[in-house]
Amino acid sequence: MNSQIEPANPLRRKRWNPYVVGVLIGVLSWLTFLTMDKALGTSSSMVHVAGLIETVTGNADKVTGPAANSYFAKEINEKTPMFDWQVFLVIGVFIGAMVSSRLSGDRTTECVPGLWTWRFGPSKTLRYAAAFFGGAVMLFGARMAGGCTSGHGISGGLQLAVSSWTFFMAMFASGVAMAFGLFGKGGRHHVV
């Protein structure tokens, strides 16, 4: 039984009710469609930042000019790359997580989770390298699929897009397969 009493102010809680959060994300998605006629998503922001860096460093032709590579031509659509609302959404998620941890008083800093330590040892370097590599593969896959978990899973899922539901199911199936591949059945005994 949990002996800790949850604070009355929801902003000070360590964990929120997932159903409430789901509803709030759905409302945010509706507002985004209503006010900007765009879907929620984050992986496109990486493309825009990369295009902006290319433009600032004097390689604008690679992004929007006649010599633009096919990826930038498709993703940026000959617009000037900029910090758009999706970039600020990514920044806002980071800032929101930091503010939430401060308000809740949660100072837990577990660099290497127990399950990882059980399987691969306590090395922070190995854990960070694996996390970076996994994030890079996930970002590559998200761009190849034409959207990330928020773009496909939330926005596309709310619109009942077949491609989004296919992406979401494939993502969960590959996540389960990867977890069993990395940790096997014995890993379940080491999850806190």
Please work out which residue is nearest to SER164 (Cα to Cα), limiting yourself to the range 5-29 and to residues that are in contact (Cβ under 8 Å) with a residue 12 or more places away in the chain and of a type in the set (A, V, I, L, M, F, W, C).
ILE25
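Each row is one residue, and each column tells you yes or no for (1) assigned by TED's automatic domain parsing to the domain that holds ALA8; (2) surrounded by 15 or more Cβ atoms within 10 Å (Cβ to Cβ); (3) in contact with an Asp or Glu (Cβ under 6 Å, 6 or more places away or on another chain); (4) among the charged types (D, E, K, R).
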| site | (1), (2), (3), (4) |
| --- | --- |
| ARG102 | yes, no, no, yes |
| THR125 | no, no, no, no |
| VAL137 | no, no, no, no |
| PHE140 | no, no, no, no |
| GLY146 | no, yes, no, no |
| LEU158 | no, yes, no, no |
Would you say THR109 is exposed (fewer than 12 other Cβ atoms within 10 Å of the Cβ) and either modelled with pLDDT under 80 or assigned by TED's automatic domain parsing to the domain that holds SER29 (or both)?
yes
Are any residues in the range 1-16 under 17 Å from GLY96 (Cβ atoms) and not basic (Lys, Arg), and if so, which ones?
ASN9, PRO10, LEU11, TRP16
Of all residues making up the range 89-105, the number that are touching a Leu at 6+ places or on another chain (Cβ under 9 Å) and of a type in the set (Val, Ile, Thr):
1
Of the residues in the range 80-113 that are touching a Ser or Thr at 6+ places or on another chain (Cβ under 7 Å) and in a helix (DSSP H, G or I), the one that is nearest to PHE183 (Cα to Cα) is VAL90
Looking at the range 118-161, which of its residues are outside any helix (DSSP H, G or I) and modelled with pLDDT under 90?
ALA145, GLY146, GLY147, CYS148, GLN159, LEU160, ALA161
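The values are calculated or read from the model by the stated rules, or taken from the named source; none is laboratory data. Remember, it's a predicted structure, so these values are computed and weren't measured experimentally. Quick reminder, even Gly has a Cβ in these numbers, built from the backbone with ideal geometry, and neighbours come from all protein chains shown.
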